[in-house]
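Worksheet: one structure, shown below.
The values are calculated or read from the model by the stated rules, or taken from the named source; none is laboratory data. Every value quoted in this text rests on a predicted model; they were computed, and no experiment measured them. Every residue, glycine as well, gets a Cβ built from its backbone with ideal geometry; the counts of neighbours run over all protein chains shown.
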Ligand SMILES: [Zn+2]
């Protein structure tokens, strides 16, 4: 099951999402060889990325990046608004050196250097939608005490508090085969959704959170979003019902291509590429996300730079020179 369900509550100013990912998550993992403790953090962020991108109000990509001087040097999860996603982790140490009980802070916030960066990248930048980037530290300063962030859900919550005006709650869990997540967002009391008395609205938000708090990781990992919805909000009466939209599929999909690798070679420059060729006979690279191998021999490389010249020659003369 790879699906995301969006629901609205009639008796409370709440929009929610439930996600359950199995084969798409297994597709990420089968290309990777990370220790379980790292996979779990990656899985939780995969759940977060799908939930956050499903609430994007434009066509684009949501990118979650966590970086640190710790054993997890870089973690990247990308999810497009059509819910295709890919994910990767870069470790700075050998996987065998990572303790099976390492905490998120030990992996991602060594010396308090951990940062969570969330980028909303619109597909059409010209349409007036600017890219947005929010950054939060993976620890909190409380007076003189530095409190480490203990979970991906807590990290995302910190980001939301810093960037969104809407109150948000998020539950995330993952194992070797499944990712599960639940998100609640408090909508404005009036406008768009419904016109609720402020007190009824406040009570509704509290009530829905209390019901959602009864969710267990086991349920998030084993039940379908529809079953979870029914189980959580059974107590909402029919006139106070919960309406859901048709579930949307979540897929694993990598955007890498030979053309993009060629672009990277052009950025490296002909001289650099020639020196790699002289040393190794070919340029070989592997996609960080899907492990697809790309092989450029000397003829391929020459073609890369030749094509560039051809494009230059056929480009209309630029103005203002
Ligand atoms: Zn790829």
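Listed by position, the strands (runs of 3 or more DSSP E) inside the range 240-297 whose residues that are within 16 Å of the ligand (Cβ to nearest atom) and not assigned by TED's automatic domain parsing to the domain that holds residue 90 number at least 2 are 282-286, 293-297. Every listed requirement among (1) at pLDDT 90 or above; (2) closer than 18 Å to residue 8 by Cβ; (3) outside any helix (DSSP H, G or I) is met by residue 237 save one, (1). Could you check the range 283-302 and list, in sequence order, the residues that are loosely packed, with under 14 Cβ neighbours inside 10 Å and over 30 Å from residue 84 (Cβ atoms)? Scanning the range 283-302 gives 297, 299. Of the strands (runs of 3 or more DSSP E) lying entirely inside the range 47-164, those carrying at least 1 residues that are assigned by TED's automatic domain parsing to the domain that holds residue 177 and surrounded by 18 or more Cβ atoms within 10 Å (Cβ to Cβ) are 60-67, 72-80, 84-91, 115-122, 132-137, 139-142. Residue count for the range 11-39, restricted to those that are out of contact with any helix residue (DSSP H, G or I) (no Cβ under 9 Å at 6 or more places or on another chain) and within 23 Å of residue 107 (Cα to Cα): 4.
Quick one: is residue 211 within 21 Å of the chain's Cα centre (by Cα) and assigned to a helix (DSSP H, G or I)?
When the stated conditions are applied, residue 211 does not pass them.
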